[in-house]
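Report on one structure; see the data block that follows.
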Amino acid sequence: IIHLYTLGSSFLLHLTTSIIFLVASLGLISGQIFWDQKLLPIFKDDPGTVILYFASFIIIIPLSQFIMSAYHIKDNLSKVLHEYLKISQRREESVLSGLNELVFFTNVRLQIISVNEAAEHIIKLQNTDITNKPIIEVLPIFTREGLPADESKFPIESILFDKATRIVKDLDLVTPANQKLPVIIQIKPIIDSKGVVNQLIFIITDERFYEGT
């Protein structure tokens, strides 16, 4: 129990606190052994136990210091990474909020993860209402013949295979005001650290703007 408390207090409190507790405990145990007439003969008959006790108390100090250092290093690293992620997220939100294009983030099953402000504004969508819904059901996209665009219009299998961006043309976006806008959809893969596509980005651009640039 003394050893466990020493280890725990070293990284939850401070190493100095652990050492003070350890020295005080050692003093109390030593005093009790020498003053208690029943305990003293036991330890005199078994000096190896005394040596092991003292050795364990000596070893626990550098071990506590190592655990404390490792804990604080990981804690500081975690804070740095958390702050970096927050900054990256704010930067991404800032960039996406300034785009006129509609941007949809989906998983590889085409279920919506999030959309940007332009998508919320132009086709009246809310992130909370469409999260985890298939993009085919949510996005009012039609072929030039007036038929609803299905998954066959999007080369998802090819994107997952070669991890390259695809551009889909000859589609119309129908706004809530029943206005048809000719659009082009860029589908970009997001690749994780293992080289596997785990998300897709659908960028929907006005065809006239796209062809002009």
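No value in this document is a laboratory result; all are computed from the given coordinates. As the structure is a computational prediction, the values presented were derived from the model and not from experiment. Heads up, the Cβs are rebuilt from the backbone with ideal geometry, glycines too, and the neighbour counts pull from every protein chain shown.
How far is it, in nm, from the label point at Val23 to the one at Tyr5 when both lie 7 Å from their Cα along the line to the Cβ?
Each label point lies 7 Å from its Cα, and together they span 1.7 nm.
Where in the range 20-39 does the amide nitrogen come within less than 19 Å of the point 7 Å from the Cα of Asp45, taken along Cα to Cβ?
Inside the label zone: 33-39.
Put one equal scatterer on each alpha carbon of the range 115-213, apply the Debye formula with no solvent term, and list log10 I(q)/I(0) at q = 0.15, 0.17, 0.19, 0.24 1/Å to two decimals.
So the normalised log intensities are -0.66, -0.84, -1.04, -1.45.
Give me the distance in nm between label points sitting 7 Å out from Cα along the Cα-to-Cβ direction at His121 and Ser193, one decimal.
It is 3.7 nm.
Provide the packing ranking of 185-194, 101-110, i.e. peptides ordered by the mean count of other C-beta atoms within 10 Å per residue, highest first.
Taking the mean over residues of other Cβ atoms within 10 Å, the ranking is 101-110, 185-194.
What full-extension length gain, to one decimal in nm, is calculated for Val108 and Glu83 as 0.36 nm per residue of separation minus the Cα-Cα distance?
Length gained, Val108 through Glu83: 6.2 nm.
Give the peptides 198-207, 156-165 in descending order of average Cβ contacts within 10 Å, highest first.
198-207, 156-165
Report the label-to-label distance for Asp162 and Ile58 in nanometres (one decimal), using points 7 Å from each Cα along the Cα→Cβ vector.
6.9
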